[in-house]
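Structure provided below as structure tokens; questions to follow.
The values are calculated or read from the model by the stated rules, or taken from the named source; none is laboratory data. None of the values given here were measured: they were computed from a predicted structure. Using ideal geometry, Cβ is built from the backbone for each residue, glycine included, and neighbour counts are taken over all protein chains shown.
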Amino acid sequence: MAINELARALAMVSTADFNWKIICGGAGGVGKTTFLFRYLTNQFVANTSLTVGVQLHSQTIERQGKKIGLIIWDLGGQERFRFLQDSYMKGASAGIVFFDISNLGSLLQVKDWVAMFRKFASPSIPILLVGTKLDIAEEQMHLQSEKEALVLVKQLDLIGYLPSSSKLGKNIEAVIYTVVDLLVVQKLSGRQAGTIGGITN
């Protein structure tokens with residue numbers, strides 16, 4: 001990660017009321033980079049390149065009357081990048097773990113990512129579970145993934161689950177806003193907010 005890239009990101013969010021670091025993880029190929037590209041540019045790119053180690057994105061948004069500076073870290077899903085990523089998780093305010101709705105096997109890595117986030121960021125870091133590629137998943141697969149995702153939300157004490165589609169633009173902003181709104185509530189109330197839970201369709 002180039003130092004000047006991080007410096008530019010910090011400068012972009014320096015005037016915000018609150019600045020938060022959000023880390024994004026998940027198995028390789030689940031579509032988190034495509035998701036983030038859709039969120040940041042409102043464009044869909046079917047074939048994004050493999051994330052090598054980490055990628056950094058920054059953005060300023062307004063929520064609940066506050067200017068929010070976000071630094072979003074896209075962590076490569078391949079096992080060979082794990083040794084690089086521990087330090088990038090430190091200091092994160094929230095995490096998002098992605099899996100591919102059309103590939104239930106990608107759910108198997110969710111527990112590992114949650115454990116890494118809680119080990120290297122914070123034991124109490126709020127984490128949202130997000131399913132990707134809703135547009136290509138058959139209805140039965142969607143229902144099964146939703147069922148298994150909600151079990152993980154309860155087992156792992158996550159803040160909730162949202163299915164998404166980068167191609168259709170479904171729940172793209174909702175994912176980020178769910179996390180940010182929770183952080184705003186925590187900040188303004190001076191306490192840790194409770195679980196959001198459930199599905200947003």
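Any idea which residue in the range 30-64 is modelled with the highest pLDDT, counting only those that are exposed (fewer than 14 other Cβ atoms within 10 Å of the Cβ) and over 19 Å from ALA174 (Cβ atoms)?
VAL45
Sort out which residues of the range 148-180 are in contact with a strand residue (DSSP E or B) (Cβ under 8 Å, 6 or more places away or on another chain) and basic (Lys, Arg), and write them in order of number.
Result: LYS170, single match.
For GLY190, are the conditions met, namely being in contact with a helix residue (DSSP H, G or I) (Cβ under 9 Å, 6 or more places away or on another chain) and at pLDDT below 95?
In short, no.
Within the range 137-156, count every residue that is out of contact with any helix residue (DSSP H, G or I) (no Cβ under 9 Å at 6 or more places or on another chain) and surrounded by 13 or more Cβ atoms within 10 Å (Cβ to Cβ).
Count: 3.
Take LEU107 and decide whether it is touching a Phe, Trp or Tyr at 6+ places or on another chain (Cβ under 8 Å), over 17 Å from ILE22 (Cα atoms) and at pLDDT 95 or above.
So LEU107 fits the description; yes.
For ILE199, work out the one condition from (1) modelled with pLDDT under 95; (2) within 21 Å of SER122 (Cα to Cα); (3) exposed (fewer than 15 other Cβ atoms within 10 Å of the Cβ) it doesn't fulfil.
Only one criterion in (1) modelled with pLDDT under 95; (2) within 21 Å of SER122 (Cα to Cα); (3) exposed (fewer than 15 other Cβ atoms within 10 Å of the Cβ) is unmet by ILE199, namely (2).
Can you tell me which residues in the range 151-167 are under 18 Å from ASN103 (Cβ atoms) and touching a residue at least 24 places away in the same chain (Cβ under 8 Å)?
Once the filter is applied, which keeps residues that are under 18 Å from ASN103 (Cβ atoms) and touching a residue at least 24 places away in the same chain (Cβ under 8 Å), the range 151-167 yields LEU152, TYR161, LEU162, PRO163, SER164, SER165, SER166, LYS167.
Would you point out the residue of the range 116-143, among those that are among the β-branched types (Val, Ile, Thr) and in a strand (DSSP E or B), that is farthest from LYS167 (Cα to Cα)?
Only one residue tops the list, namely ILE127.
While we're on this one: Note down all Cβ pairs under 6 Å where the first residue falls in the range 117-134 and is hydroxyl-bearing (Ser, Thr, Tyr), the second is in a strand (DSSP E or B), and they're at least six residues apart or on different chains.
If the second residue must be in a strand (DSSP E or B), the pairs left are THR132/PHE98; THR132/ASP100.
Same structure again: Out of the residues in the range 83-111 that are charged (D, E, K, R) and either in contact with a Gly (Cβ under 9 Å, 6 or more places away or on another chain) or in a loop (DSSP other than H, G, I, E, B) (or both), state the one that is surrounded by the fewest Cβ atoms within 10 Å (Cβ to Cβ).
LYS90
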